[in-house]
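A short write-up of the structure that comes next.
The values are calculated or read from the model by the stated rules, or taken from the named source; none is laboratory data. Just so it is clear, the structure is predicted and the values come from calculations on it, not from any experiment. Here the Cβ positions follow ideal geometry from the backbone for every residue, glycine too, while neighbour counts run over all protein chains shown.
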Amino acid sequence: MTNSNPHAEALTAAFNYLKTLEAATDFVYATDKNGAKVYSKPTTDDKPTNMPIGKGVARIAKPFTLEQVMATIRDEKGRKQWDSRFEGMEIKDMFDGDSAEVLVHSLQFGQWPVVSGRDFCITAKNVKESDDKGYVVFTSVQDPKIPEVKGRVRAHIYCVGWVIEKAKEGEGSSWDLTYFTHVDPKGLPNAIVAVVANETPSCAGTLVAYLEKNGPVEGA
């Protein structure tokens, strides 16, 4: 464990950007998929990518705690069940503090033989704003502990983040989940981008289905 995160500034910038996406009113409805409502909007000039910015919205009806939801989002074993493109990850460093900050090497399946698998050098943290609202944020960084891997394309995450907020309507113990994705997959063919652009944000729905069926991470 390292005392402090050398990428703290990048994480702060990503969190601020996540808050900007949360407040944005220009997302356009795309589809309902996997139990989530999916929205998108074009990328910005300062963050080049052929992938639109995605947003997925779903609701957890069962009475989990905020900490249980956040822990399940971060759990590798569970994610393999609710994110079909997630291949695995290795935590390379953990940092002091109560925000669960880590440095992670994350792997994403390709589509052999057409598309190589992607990998990411990521730092991540949790932000508990209150008992009724929290965030999980991820962003790409460069770190010598995670060099590029032969046979994979090093993709870039501008911001991937979850907003978990106590539902204002309906069951008093339910949570609204919003999943934002702004990623540069680095050369992914446009035909595949069109599929992934809706599929990835819809993980908000598959996460809810997984959580309500299997329960939260043990010990969370």
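What the table shows:
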quantity: Failed criterion for Thr20 (all others in (1) under 17 Å from the mean Cα position of the chain (by Cα); (2) surrounded by 13 or more Cβ atoms within 10 Å (Cβ to Cβ) hold); calculated: (2)
quantity: Matching residues in the stretch 88-108 - criterion: being assigned to a strand (DSSP E or B), in contact with a Ser or Thr (Cβ under 8 Å, 6 or more places away or on another chain) and crowded, with 17+ Cβ neighbours inside 10 Å; calculated: Met89, Asp93, Phe95, Val102, Leu103, Val104
quantity: Residues (in contact (Cβ under 8 Å) with a residue 40 or more places away in the chain, assigned to a strand (DSSP E or B) and not small (Gly, Ala, Ser)) located in the stretch 24-61; calculated: Thr31, Lys33, Val38, Tyr39, Ile53, Lys55, Val57, Arg59, Ile60
quantity: In the stretch 89-148, the residues that are within 29 Å of Glu165 (Cα to Cα) and in contact with a His (Cβ under 6 Å, 6 or more places away or on another chain); calculated: Glu90, Thr123, Ser140, Val141
quantity: Residues that are within 18 Å of Tyr135 (Cα to Cα) and touching a strand residue (DSSP E or B) at 6+ places or on another chain (Cβ under 6 Å), drawn from the stretch 8-52; calculated: Ala10, Leu11, Ala14, Phe15, Tyr17, Leu18, Leu21, Glu22
quantity: Checklist (1) surrounded by 22 or more Cβ atoms within 10 Å (Cβ to Cβ); (2) closer than 22 Å to Thr44 by Cβ; (3) not aliphatic (A, V, I, L, M) applied to Gly205, failing item; calculated: (2)
quantity: Subset of the stretch 45-78 [among the basic types (Lys, Arg) and surrounded by fewer than 19 Cβ atoms within 10 Å (Cβ to Cβ)]; calculated: Lys47, Arg59, Lys62, Lys77
quantity: Positions within the stretch 76-87 being in contact (Cβ under 8 Å) with a residue 12 or more places away in the chain and either closer than 16 Å to Ile146 by Cα or part of a helix (DSSP H, G or I) (or both), in sequence order; calculated: Glu76, Gly78, Gln81, Trp82
quantity: Members of the stretch 1-18 found to be at pLDDT below 95 and either small (Gly, Ala, Ser) or part of a helix (DSSP H, G or I) (or both), listed by number; calculated: Ser4
quantity: Cβ pairs under 8 Å, 6+ apart, first in the stretch 121-137 and within 10 Å of Leu11 (Cα to Cα), second at pLDDT below 95 and of a type in the set (A, V, I, L, M); calculated: Ala124/Ala100; Lys125/Ala100
